[in-house]
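Read through the structure below, which is laid out as structure tokens, and then see the notes.
Computed from the coordinates by the stated procedures, all read-outs in this text should not be read as laboratory data. Being a predicted model, the structure only gives us computed values, none of them experimental. Ideal geometry is used to build each Cβ from the backbone, glycine not excepted, and the neighbour counts take in all protein chains shown.
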């Protein structure tokens, strides 16, 4: 078969190439592959129960829901009543860490421990704290694990395959599922959410760091080894400086992800702002809910921007 | 004094890939030995077997114990039989210079030089990148010897290729080496820089009485710097003669034959 795009030879042109190797034809294979792809796609769309009609007729309903959310009701954020400040304590006694009489100290403690986390600002702060703590703890554990799970720095093949296996297995568990497990184990609250973030982030960071370690320039390792340096010295001088930008970049990226994850974890009672948001929706306080969503969006934007600047600074 | 004797050294990566097929070699202290041969002749493998960055399959590499153990007699030990501790002691006195420089680009020049002394320092302290003022002084001194004192606190990747290789030489000097193994140290540099780097290396070797084994890719440079030239071909020593005794015919026979590569 001669396609129309192939130039026709006429006698005047000397054929310099002679017999030219033709690219292999894979048309049948491509067609079969396309067919298979279409079939899988159709199967997926069928299973997803897509009903565009209902979506279309649901548009007014969506508009109404959004309408009910507007304007956002910020009273829970701005109104001092929603913070339940203890009347017997002055603001300075409440907010400054100076010694106060024992009964007042107990009152102050109770407000900070129980009341403040229930407020929008308190829950936001708690979300940030959960993400920071979970990410930091994960980094501390993932850092050595990354070396063990990298082919070129692992002390033994068994350790390499072992850590890989554990990391890969744990990583398949979604953080929401981990949250459910830890809520059952340690009860409702930020602690359960933080451990869930910690475990999940450790597996992700461990995997990312091990890949970073495997991609380093081995020549430098060879050079440091040739000076008579030991294992720890090789890690500190040849490996660490090369992976440091990745360590910082991955950690900040996980911090951003964890802020989002910490907000969602509230839905299952594992602390953070998600709990308040859920409550507002469930009690049909849509305007209040939209205010919380806006606070959440602002929070995520601020953290994204901060980590972007931080990355620029250090990498 | 014979500082290095290699006997029947073999290295194979599985039966078909025999890189070294029985290398015999004797090096006297203070010699500047040039090694030539086509790619794949076994130059890099031979050099890396001497400090066991590559484990030889069989053979002996004999070095006087006094080279790396201070209170030792003149007896010789087989490098291939050294344990991990002994190997680290040996590596301290055997410096290596690489074709790719292999310095840590994100660290400062002086930190790279200080890394050369790692074998002499306790692990816990050096892992935190803490060095004593004496060590820092020593590093600056070595940087001065390679003419890079002004660049000490720059990041290594700010330097040119020739300068980076000089940093690598300063790093080797921190080891107080008895032997320097240089694996194509100037292959990535233009001819002018190549000469500058080799001038420094040769000068330092003469001043400190260091024995050097240097593989080079051009015959001109080898002839200019080496006292003696070793010609490797297909994993064997094909010729081993003082530089002046090398004839054109010998050179041709090193580079001729199976490969399509031509002598440069």
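Relative contact order for region A:121-314 using alpha-carbon pairs under 8 Å, separation at least 6, rounded to a whole percent?
On the way: 249 pairs, mean separation 54.7, N = 194.
Rounded, it is 28 percent for region A:121-314.
Which whole number gives the average, over all residues in B:114-127, of C-beta atoms from other chains lying within 10 Å of the residue C-beta? Each step should come with its number before you reach the end.
Numbers: counts 1, 11, 6, 3, 12, 8, 3, 3, 2, 6, 2, 0, 6, 8.
For peptide B:114-127, the averaged partner shielding equals 5.
Return the percentage of antiparallel bridges among DSSP beta bridges fully within the protein assembly as shown, rounded to the nearest 5 %. Walk me through the intermediate numbers first.
Values: 22 of 39 bridges.
Restricted to the protein assembly as shown, the bridges split so that about 55 percent are antiparallel.
Using only Cα atoms and rounding to the nearest 10 degrees, what angle (0 to 90) does helix B:191-208 make with the longest principal axis of chain B?
80
In whole Å, what is the distance between the alpha-carbon centres of region A:255-315 and region A:70-144?
16
Restricting to chain B, compute how many DSSP beta bridges are antiparallel as a %, nearest 5.
On the way: 22 of 39 bridges.
About 55 percent, rounded to the nearest 5.
Which Rg and Dmax, in Å, describe the Cα atoms of region A:270-315?
Rg, Dmax (Cα atoms, Å): 14.6, 46.
Using alpha carbons only, how many degrees (0 to 90, rounded to 10) separate the axis of helix A:157-171 from the longest principal axis of chain A?
60
Specify the inter-centroid distance of region B:164-219 and region A:217-232, based on alpha-carbon positions, in whole Å.
19
Per the Kirkwood definition applied to all pairs of different Cα atoms, how many angstroms is the hydrodynamic radius of region B:1-152?
Working: mean 1/r = 0.0567 Å⁻¹.
Mean inverse Cα-Cα distance, inverted, gives 17.6 Å.
When only alpha-carbon atoms count, how far does the protein assembly as shown stretch along each of its three principal axes, as whole angstroms with the largest first?
Principal-axis extents of the protein assembly as shown (Cα, largest first): 99, 90, 43 Å.
As I understand it, the value is the acute angle between the Cα axis of helix A:286-314 and the longest principal axis of the Cα atoms of chain A; what does it come to in degrees, rounded to 10?
60
List A:254, A:68 from most exposed to least, where exposure is judged by having the fewest other Cβ atoms within 10 Å. All intermediate terms of the calculation are to be shown ahead of the outcome.
Numbers: A:254 25, A:68 13.
So the ranking, lowest neighbour count to highest, is A:68, A:254.
Obtain the radius of gyration and the Kirkwood radius of chain B from its C-alpha atoms and give Rg over Rh.
On the way: Rg = 18.4 Å, Rh = 19.0 Å.
Radius of gyration relative to Kirkwood radius: 0.97.
Per residue, how big is the convex hull of chain A when only Cα atoms are used? Give it in Å³. Intermediate results must be reported in sequence, preceding the final value.
Values: hull volume 100.6 nm³, N = 315.
Per-residue hull volume (Cα only) is 319 Å³.
If I build a Gaussian network model for chain B, linking alpha-carbon pairs within less than 10 angstrom, which residue out of B:180, B:54, B:169 has the largest mean-square fluctuation?
Result: B:54 has the largest fluctuation of those listed.
Among B:32, A:143, which comes first, second and so on when ranked by fewest other beta-carbon atoms within 10 Å?
Working: B:32 21, A:143 17.
Sorted ascending by nearby Cβ count, the order is A:143, B:32.
Could you give log10 I(q)/I(0) at q = 0.14, 0.15 Å⁻¹ for region B:149-254, computed by the Debye formula over C-alpha point scatterers of equal weight, without solvent?
The Debye formula, applied to the Cα set alone, gives -0.62, -0.70.
Debye calculation, C-alpha points only, no solvent: report log10 I(q)/I(0) for region B:100-192 at q = 0.11, 0.15 Å⁻¹, in the same order as the q values.
Reported log10 I(q)/I(0), two decimals: -0.29, -0.54.
Using only DSSP helix segments of four residues or longer, with each worth -39500 (n - 2.57), what per-residue ellipticity at 222 nm results for chain A after dividing by its residue count and rounding to 500? Present the calculation step by step, with values, prior to reporting the outcome.
Working: 15 runs with 214 residues, N = 315.
So the calculated ellipticity at 222 nm is -22000 deg cm²/dmol.
Would you calculate the volume per residue, in Å³, of the smallest convex hull containing every Cα atom of region A:134-268? Intermediate values should be presented prior to the final figure.
On the way: hull volume 12.9 nm³, N = 135.
Taking only Cα atoms, region A:134-268 has a hull volume of 96 Å³ per residue.
Pick from B:236, B:223, B:137: which residue has the top mean-square fluctuation in a GNM of chain B where Cα pairs under 10 Å get a spring?
B:137
Quick one: A:130, B:174, B:250, fewest Cβ neighbours within 10 Å first, how do they rank?
Working: A:130 30, B:174 25, B:250 14.
Lowest count first: B:250, B:174, A:130.
When the convex hull of the Cα atoms of region A:197-315 is projected onto a plane and the area is averaged over all directions, what value comes out in nm²?
Details: hull surface 35.3 nm².
Convex hull of Cα atoms, orientation-averaged projection: 8.8 nm².
Given the options B:161, B:37, B:85, which has the most mean-square fluctuation in a GNM of chain B, springs set between C-alpha atoms less than 10 angstrom apart?
B:85
So for each of A:44-52, A:157-165, B:90-98 I average, over its residues, the number of other beta carbons within 10 Å; can you give me the resulting order with the highest mean first? Intermediate values should be presented prior to the final figure.
Details: A:44-52: 8.9, A:157-165: 14.0, B:90-98: 24.6.
So the order, starting with the most tightly packed, is B:90-98, A:157-165, A:44-52.
Restricting things to Cα coordinates, could you compute the convex hull volume per residue of region A:18-62 in Å³? The partial results should precede the final answer.
Details: hull volume 5.0 nm³, N = 45.
Considering the Cα atoms of region A:18-62, their hull volume per residue is 111 Å³.
What does the average come to when, for each residue of peptide B:53-59, you count the partner chain Cβ atoms lying within 10 Å of its Cβ?
Values: counts 5, 1, 0, 0, 0, 0, 0.
Per residue, the number of nearby Cβ atoms from other chains is 1 on average.
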